[in-house]
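The values are calculated or read from the model by the stated rules, or taken from the named source; none is laboratory data. All figures in this text were calculated on a predicted structure; none of them were measured in a lab. Because the Cβ atoms are built from the backbone with ideal geometry, glycine has one as well, and the counts that use them run over all protein chains shown. Just so you know, the surface numbers come from the protein's heavy atoms only, side chains and all, with ligands and any DNA or RNA stripped out. Shrake-Rupley method; radii C 1.70, N 1.55, O 1.52, S 1.80 Å.
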Amino acid sequence: GRYKIPNFIHLFFLLVRLLMILFEGIYAIAPAFIGILLPLVVLFPLFVIRAIGAGDIKMCQVVCFFYGYDVLWKILWYTLIIGSIMSVIKIITCMFNKAERSSLYRLVDFLDMSRLPKFHKIHLSIAIAIASSYVLFLKG
C-alpha cells in the first residue's frame, strides 16, 4: 500500500553500508550489526501491538547500521516528540472533518491499532527521518 516503505530502499542503504564496512575495517562490524539488532529488539513489541509498522523498524535499523547503535535512544526520543506533535495535528484536523470525526469518536479500543482507520494513522517514518536528521546533523 501507499503507507509502506519499499524494501529496495532499505536494501540499497544496507549494501552501501556493507561496502563502507569493507573500507573501515573489522572494528566497524560489531557496532554496525548491533545497530541492526537493537532496533528490532526494542521496537518489536510495538510492532506486535500494531503501533508501528515493519518499515519503521527497518528504517531505524538502517540508521543505526550506518551511525551505530548508540544513536538509537536519541532518535527514539525525538521520534516520540515529533510523532506526538504529528498525532495532535492529526487529531485536530480530524475534528474539522465530519467523516473522520465520527469514526474518531466511535473508536473504543485505542490499543488495537489494526482497528484504526487508515486516515487516522500517521507516517511515523517521517518522524523518524526528522528525528534522525536532527540527532545526526544538527545536534551532533
Among the residues of segment 39-47, is any in contact with an Asp or Glu (Cβ under 9 Å, 6 or more places away or on another chain), modelled with pLDDT of 85 or more and more than 24 Å from VAL16 (Cβ to Cβ)?
-> yes
Does segment 60-113 hold any residues that are within 17 Å of the chain's Cα centre (by Cα), among the hydroxyl-bearing types (Ser, Thr, Tyr) and either at pLDDT 85 or above or open to solvent by less than 80 Å² (accessible area, probe 1.4 Å) (or both), and which are they?
-> TYR78, THR79, SER84, SER87
Considering only segment 15-65, state which residues are under 23 Å from TYR78 (Cα atoms), β-branched (Val, Ile, Thr) and out of contact with any helix residue (DSSP H, G or I) (no Cβ under 9 Å at 6 or more places or on another chain).
-> VAL41, VAL48
Looking at (1) open to solvent by 50 Å² or more (accessible area, probe 1.4 Å); (2) over 12 Å from the mean Cα position of the chain (by Cα); (3) of a type in the set (D, E, K, R), find the lone condition where LYS4 falls short.
-> (2)
Taking only segment 47-59 into account, find how many residues are open to solvent by 70 Å² or more (accessible area, probe 1.4 Å) and either of a type outside the set (A, V, I, L, M, F, W, C) or part of a helix (DSSP H, G or I) (or both).
-> 3
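Could we say that PHE33 is at negative phi, open to solvent by 90 Å² or more (accessible area, probe 1.4 Å), more than 14 Å from the chain's Cα centre (by Cα) and at pLDDT 85 or above here?
For PHE33, the condition - at negative phi, open to solvent by 90 Å² or more (accessible area, probe 1.4 Å), more than 14 Å from the chain's Cα centre (by Cα) and at pLDDT 85 or above - is met.
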